[in-house]
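Just below is one structure, and these are the notes that go with it.
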Amino acid sequence: MPARPRSSPDPRLSLVNLALLAFLNTGRHRLRTVANVSGITVTVAALLFFLAFFRGTYEGVMFSGVIDYATAQAQIARPAFVEEEPDSWLAPGSLIEDSPAAREGLDAVLRAAAGKEGLHDPPRLAPRLVASGLAGDGARKIPVVIAGVDFGKETRVFAFEKRMRAGTFGPEGLVLGAKLAGILGLEVGDEIRLQATMADGAPNLDYWTVSGIFSTGYPPLDRSMVLVGLGEAQTFLGAEGRVNKVYCRLVPGPSPTAREKVLADLAAPEGAKGLSELGLVARSWTEQAMALVKDSEKDGLFYAVFLAILLFLSLSTMAGTMRMTVFERRREIGMLRASGWLPGEVGRLFLLEALAIGLVGSVLGCLAGGGIALALQVHPVSYEAALANFDIPAFSFTCDLRGGDLLLSFVAGLSTALLAAFAPARAAARMPLLSALSER
């Protein structure tokens, strides 16, 4: 066959024909093709799964768990109230007046802040009076946090009533965590004694009947939280008509961005002027759960490094396989060049082969990773018992799969295949004709 002049293009070597030939070539080298496709599939599946898992477990379960059971979305308190210093909780500078006028003033400020961002439903508020104390059964004493709550308002902000293991969630009696009940050997109907220091510094001891036991899967709550009626707590702690924190939750609606703006405005030092006029400050849930947020950031970095290593290994493995393919097919490359193929056409042939491998591997990876993620999203796997000794609200393994994850993973797999083939394709295109035809 005479050499094809460079100036006369051959229709047989159109891009469509090259793509068809590249696809057929993947079947000629099945073992290497399977190895490359498998590498891309595993990489794409892992990338897709971990993207959905991280968002679903941390943002969908762990973060929402903190909001639902420990912090709400924001906490409103006096500047002197410090969560990490229990001795300051009942100090005069930490107490907030709990009267109809005070509640109405706070509600008006929060309504105005929500209305400014287009949220017309008023924020949900749950007042609390908290103090450190001891709970016991007569023989043992356990350090606890005594929380006086309005059970009716509490259910609108927190989700304890959904996690009741036994009994009822108020309005009379005392509700405590399952771990604490287990330590003290208490059941619904049993008597429990509470001991605490009152607001005036005097000690106090009283008896309650256990009316309910909850289990949130969040160890700090399950082993140390005791909930009693707000009025009873105010009398017991000598703080009648006062609380020391108000939890806030914005009504779910169609605009999560607006809710985030309201919360950010409330927590900003220069924002929510009405709160400052009332002598109050708002702290977002992230401030109250800084340890969890930092842990999630570390885990996010770990996942990013892990996935980067996975992509690099996939790229290097496929690049090595493609390079070996070029070496083994040097006679074929020589024959193509001798029959009139241009160097660029040879290079494009190898790139199109890599593109075919990348397409197949990426599609299979999206199906595999997406299938696993979707299965966990529909049927979460509980792991409360496995993390019983960790101070994080972890209830289940789940995923939050989104279309952007599929697109990102697919593009990553395709890009990996093309990058891995670039150097070998260039080497094939630049291979000298005599060297390619050599027997050695």
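The values are calculated or read from the model by the stated rules, or taken from the named source; none is laboratory data. All values reported here derive from a predicted model rather than from experimental measurement. Cβ coordinates were reconstructed from backbone atoms using ideal geometry, including for glycine residues, and neighbour counts include every protein chain displayed.
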Original post:
Within the range 129-140, can one find any residue that is of a type in the set (S, T, N, Q) and surrounded by 19 or more Cβ atoms within 10 Å (Cβ to Cβ)?
Top reply: no
**OP:** Confirm whether Gly358 is part of a helix (DSSP H, G or I), in the same structural domain as Leu419 (by TED's automatic domain parsing) and not basic (Lys, Arg).
**Re:** yes
Original post:
Which of (1) more than 15 Å from Ser284 (Cα to Cα); (2) in contact with a Ser or Thr (Cβ under 7 Å, 6 or more places away or on another chain); (3) surrounded by fewer than 15 Cβ atoms within 10 Å (Cβ to Cβ) does Val61 not meet, given it meets every other one?
Top reply: (3)
**OP:** For residues that are part of a strand (DSSP E or B), surrounded by 14 or more Cβ atoms within 10 Å (Cβ to Cβ) and touching a helix residue (DSSP H, G or I) at 6+ places or on another chain (Cβ under 7 Å), tally how many sit in the range 195-206.
**Re:** 2
**OP:** Within the range 94-114, count every residue that is more than 20 Å from Gln234 (Cβ to Cβ) and among the hydrophobic types (A, V, I, L, M, F, W, C).
**Re:** 6
**OP:** Quickly run through the range 357-375 and pick out the residues that are farther than 14 Å from Ala46 by Cα and surrounded by 19 or more Cβ atoms within 10 Å (Cβ to Cβ).
**Re:** Ile357, Gly358, Val360
**OP:** Taking the options Thr235, Thr209, name whichever one is out of contact with any strand residue (DSSP E or B) (no Cβ under 8 Å at 6 or more places or on another chain) and surrounded by fewer than 21 Cβ atoms within 10 Å (Cβ to Cβ).
**Re:** Thr235
**OP:** Specify the residue that is nearest to the chain's Cα centre (by Cα); the eligible residues are those in the range 148-188 that are small (Gly, Ala, Ser) and assigned to a strand (DSSP E or B).
**Re:** Gly177
**OP:** Give just the number: which of (1) outside the structural domain of Leu364 (by TED's automatic domain parsing); (2) assigned to a helix (DSSP H, G or I) does Val130 not satisfy?
**Re:** (2)
Original post:
Restricting attention to the range 99-124, which residues are under 18 Å from Lys245 (Cα atoms) and either under 29 Å from the mean Cα position of the chain (by Cα) or not assigned by TED's automatic domain parsing to the domain that holds Gly241 (or both)?
Top reply: Leu110, Pro123, Arg124
Original post:
Identify, please: which residue in the range 189-219 is among the polar types (S, T, N, Q) and closer than 18 Å to Tyr69 by Cβ and is, among those, nearest to the chain's Cα centre (by Cα)?
Top reply: Thr216
